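Here the structure is laid out as structure tokens; the discussion comes afterwards.
The values are calculated or read from the model by the stated rules, or taken from the named source; none is laboratory data. Because the structure is a prediction, the values reported are computed rather than measured. With ideal geometry, Cβ positions are generated from the backbone for all residues, glycine too; neighbour counts draw on all protein chains shown. To get the accessible areas, we keep the full protein, side chains included, count just its heavy atoms, and leave off ligands, DNA and RNA. Shrake-Rupley method; radii C 1.70, N 1.55, O 1.52, S 1.80 Å.
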Amino acid sequence: GIQVEQSPPDLILQEGANSTLRCNFSDSVNNLQWFHQNPWGQLINLFYIPSGTKQNGRLSATTVATERYSLLYISSSQTTDSGVYFCAVTGTYKYIFGTGTRLKVLA
Amino acid sequence: DSGVTQTPKHLITATGQRVTLRCSPRSGDLSVYWYQQSLDQGLQFLIQYYNGEERAKGNILERFSAQQFPDLHSELNLSSLELGDSALYFCASSVASQETQYFGPGTRLLVL
């Protein structure tokens, strides 16, 4: 089946710093989503991005489907950005989450 | 608020028991997904329904079953519960298959 790897596994930033999170996947996928799981456990949809680039405020994402990776950029990080960031891919009716990047932003 | 609701929020039960988790999708969404999040297994896809029909199956145990009703709400039934079934169970919904999924707040299940 499709393997999804995220890096780095853990990240600690000072407030205001920028970061790049990476998601590699082992096979062609039909779609890819990025989620943020906040410290209360809620999963929040960030981007639906099977290919191309999207931006939403301080967050942006790029997926290069031909090279099987996606990047999530967080600029000017805030303490509320803390939590775990997951990418999830869909093959043929297979929904697979990566193991996540745990981000802690320090005030 | 994603628009997906799940009940109950918390559930504590004993080994061997049976529980039912309920999910109401966002208005207009036809597809419902169930996921299990545990410390050792991460987020695992269990099963997907689309407009009342089972569409895809993931790592769902035989002791677990689900259905989607005509009003599109879904229930996940967990039986013969074991300690290892303790986890956060999420429901998600989307307009159609393989579209953006929106997650509910989850049901935290503790099996003692």
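Find the relative contact order for chain A and round it to a whole percent, using C-alpha pairs within less than 8 Å whose residues are 6+ positions apart.
The normalised contact order for chain A reaches 38 percent.
Grab the beta carbon distance between residue A:56 and residue B:62, set R0 = 45 Å, and tell me the FRET efficiency rounded to 0.05.
0.65
So, R0 is 41 Å and r is the distance between the beta-carbons of residue A:12 and residue B:1; what FRET efficiency does that work out to, to 0.05?
0.85
Could you tell me which trypsin sites (Lys or Arg not before Pro) in segment B:13-112 are loop residues by DSSP with no more than 15 other beta carbons within 10 angstrom of their beta carbon?
Within segment B:13-112, the qualifying trypsin sites (Lys or Arg not before Pro) (loop, at most 15 other Cβ atoms within 10 Å) are B:18, B:63.
Modelling each spin label as a point 7 Å along the Cα-to-Cβ direction, I'd like the residue B:112/residue B:18 distance in nm, to one decimal.
Distance between the two pseudo-spin positions: 2.3 nm.
Compare each residue of segment A:42-68 in its chain alone against the assembly with all protein chains, and report those whose accessible area goes down by 20 Å² or more; 1.4 Å probe, heavy atoms.
Listed by number, the residues meeting the 20 Å² cut-off are A:42, A:43, A:45, A:48.
What relative contact order, as a whole-number percentage, does segment B:1-91 give when Cα pairs under 8 Å and 6 or more residues apart are counted?
Dividing the mean separation by the residue count of segment B:1-91 yields 33 percent.
Checking the cross-link filter: which lysines have an alpha carbon closer than 28 Å to that of residue A:94, excluding same-chain neighbours under 8 positions apart?
List returned: A:54, B:9, B:57.
Please report the carbon-and-sulfur percent of the accessible area for segment B:26-112; probe 1.4 Å, protein heavy atoms only, DNA, RNA and ligands left out.
Here it works out to 47 percent.
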